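Since the structure comes first, as structure tokens, the remarks are kept for the end.
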Amino acid sequence: GSSSQSWLGPPVMDSLDVLVLVGRCMLASWFLTELHSKISRFSYWVEVVGKAKMPFPTAEMCLVVTLLVVGSVSLVTGYRIDVGASCLLTFLAPTALFFQCSGDRIQSISVGGGLLLLYVTGPGAISVGVACCSC
């Protein structure tokens, strides 16, 4: 859906615009849950990464937290969705390859598909950075 513009007032959002926003927030909720886990149990996750023989586990977990923060904020606000989706895909790929069992890996691949769709189609009309009117 696209927003329609009238010289009489601000753009009118249709129900598809709202659904895109809801979809972005639903995707973000999964990553925000991951973010909460990584922050609240940071030492545990550093240990998990270390046991996986990954170099610099503390630095890697700091990177993971950064990717999750930037990506989640981007999903919720719609601002720079290309950067946000890229950050979250960067988090998902090694997570799926090195740290997940088969069922969780399929879930991550599915979520990655949703991120790719957002990367290609954009954030929709209800997002930070979308002009409210054309001058």
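Total residues in segment 12-28 satisfying the condition of being in contact (Cβ under 8 Å) with a residue 40 or more places away in the chain and among the small types (Gly, Ala, Ser): the figure is 2. Exactly one residue among SER108, SER72, SER86, SER102 is closer than 14 Å to GLY23 by Cα and not aliphatic (A, V, I, L, M), and that residue is SER72. Pairs linking a residue in segment 29-51 that is farther than 16 Å from VAL69 by Cα to a residue that is of a type in the set (Asp, Glu), with Cβ atoms under 6 Å and 6 or more positions apart or on different chains, are VAL49/GLU60.
Read-outs throughout are calculated quantities, based only on the coordinates presented, and are distinct from any laboratory measurement. Quick caveat: nothing in here was measured; it's all calculated off a predicted structure. Cβ: placed from backbone, ideal geometry, glycine included. Neighbour counts: every protein chain shown.
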